[in-house]
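Encoded as structure tokens, the structure appears first; notes follow it.
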Amino acid sequence: MVDFRSTDLIMEEHELKKYLQEYKNGDKPWDVENHARLVTSMIHFIGSTDSELRDKLIYSTFCQLAIDNQLGHDLLNDLLDYSLSDDMLFKGIGENGTDTVFTRAFSSLVIAVILYKDNEDDFLPRDAVYKAKDLLINYINSERDLRGFVPVKGWAHSIAHVADAFDELILNKKMEQKDYLDMLPPLWEKVFVSDSVYVHGEDERMITPILAMLEKGLDLVEIEHLLKGIPAELKRRKEQVEEENYWFLEANCKTFLKSFYVKISSREELISLRRNIELCLSEL
């Protein structure tokens, strides 16, 4: 069992970056003898403000190692548990505009990778998958830092990343259709953002798990009901926010609806959904 909280194994940040650059370029093989040290160091620096290290090296290497079966099932189980912790997914939760968002957002992606691997190999206990579901719901409800691309520091993209994790959850064989009704409301709620306008494709990433729910058996009526409620919900919220923030809110809703419409435009079985979106847009 790897103790991800221990700092005894942690490499220096520059040392880790140099090694991962050489590994990615094919100049060095994966150091099997120092496997635990490398993985522990990677997870320790998953929230680095160095975008190359965080995104191009650590996250991409995690993906490659998982795909190549170089991360054992026991290790992935431990890594999932740690990624869901206060040190990772909930580090600095509630903050806005601080660097802790990078740890939270990239913890979501690590969780998504582990769930993706479980969808292939079926190694996670059912309780671990349901713990991930409950904590991801708690996280998306609590996340306040909705920045996409941050100048100099690169991608935060917290909502897009957690949407990816939800997508992998929905595809998991251990989930039941009734569980989708727990996940749909918090995802839908993130459409109604009034602090800023989504400009980095967050709407499309949120639509992906919603469509996955429908493909896995969620009743179409559930989405139609939410669509029909958007005009009234906007009217209600208009009384609660400043005028500029209302225009942010309306822009986010319209962008989401238009992206949703395009995503399902060629699917005849969803024609009633398209009509509901058309009607909703005509009322905004």
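How many residues does the stretch 247-284 contain that are closer than 14 Å to Ser194 by Cβ and touching a residue at least 24 places away in the same chain (Cβ under 8 Å)?
Of the residues in that region, 9 qualify.
Looking at (1) part of a helix (DSSP H, G or I); (2) open to solvent by 50 Å² or more (accessible area, probe 1.4 Å), which one does Leu53 not meet, given that it meets all the others?
The number of the failed condition is (2).
Restricting to the stretch 175-215, what's the tally of residues that are assigned to a helix (DSSP H, G or I) and open to solvent by 40 Å² or more (accessible area, probe 1.4 Å)?
Here the count works out to 10.
Residues checked against (1) outside any helix (DSSP H, G or I); (2) in contact with a strand residue (DSSP E or B) (Cβ under 8 Å, 6 or more places away or on another chain); (3) open to solvent by 10 Å² or more (accessible area, probe 1.4 Å):
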residue	(1), (2), (3)
Phe106	no, no, no
Ile111	no, no, no
Leu115	no, no, no
Asn119	no, no, yes
Leu124	yes, no, no
Tyr130	no, no, yes
Leu135	no, no, yes
Asp145	yes, no, no
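Which residues, counting only those in the stretch 80-97, are open to solvent by less than 50 Å² (accessible area, probe 1.4 Å) and on the phi < 0 side of the Ramachandran plot?
Scanning the stretch 80-97 gives Leu80, Tyr82, Ser83, Leu84, Ser85, Met88, Leu89, Phe90.
Which of the residues spanning the stretch 57-94 are under 17 Å from the mean Cα position of the chain (by Cα) and outside any loop (DSSP other than H, G, I, E, B)?
Answer for the stretch 57-94, where residues must be under 17 Å from the mean Cα position of the chain (by Cα) and outside any loop (DSSP other than H, G, I, E, B): Ile58, Tyr59, Ser60, Phe62, Cys63, Leu79, Leu80, Asp81, Tyr82, Ser83.
Pairs please, first residue from the stretch 102-120 and acidic (Asp, Glu), second anywhere and open to solvent by less than 10 Å² (accessible area, probe 1.4 Å), Cβ atoms under 6 Å, 6+ apart in sequence or on different chains.
Listed pairs, sorted by first residue: Asp118/Leu124.
Of all residues in the stretch 16-47 being open to solvent by 70 Å² or more (accessible area, probe 1.4 Å) and touching a residue at least 12 places away in the same chain (Cβ under 8 Å), which is farthest from Tyr59 (Cα to Cα)?
Selected residue: Arg37.
The values are calculated or read from the model by the stated rules, or taken from the named source; none is laboratory data. On a predicted model such as this, the values are computed, not experimentally measured, just so you know. No Cβ is skipped: glycine too gets one built from the backbone with ideal geometry, and neighbour counts run over all protein chains shown. Accessible surface is based on the protein model in full, side chains and every heavy atom, while ligands, DNA and RNA are left aside. Shrake-Rupley method; radii C 1.70, N 1.55, O 1.52, S 1.80 Å.
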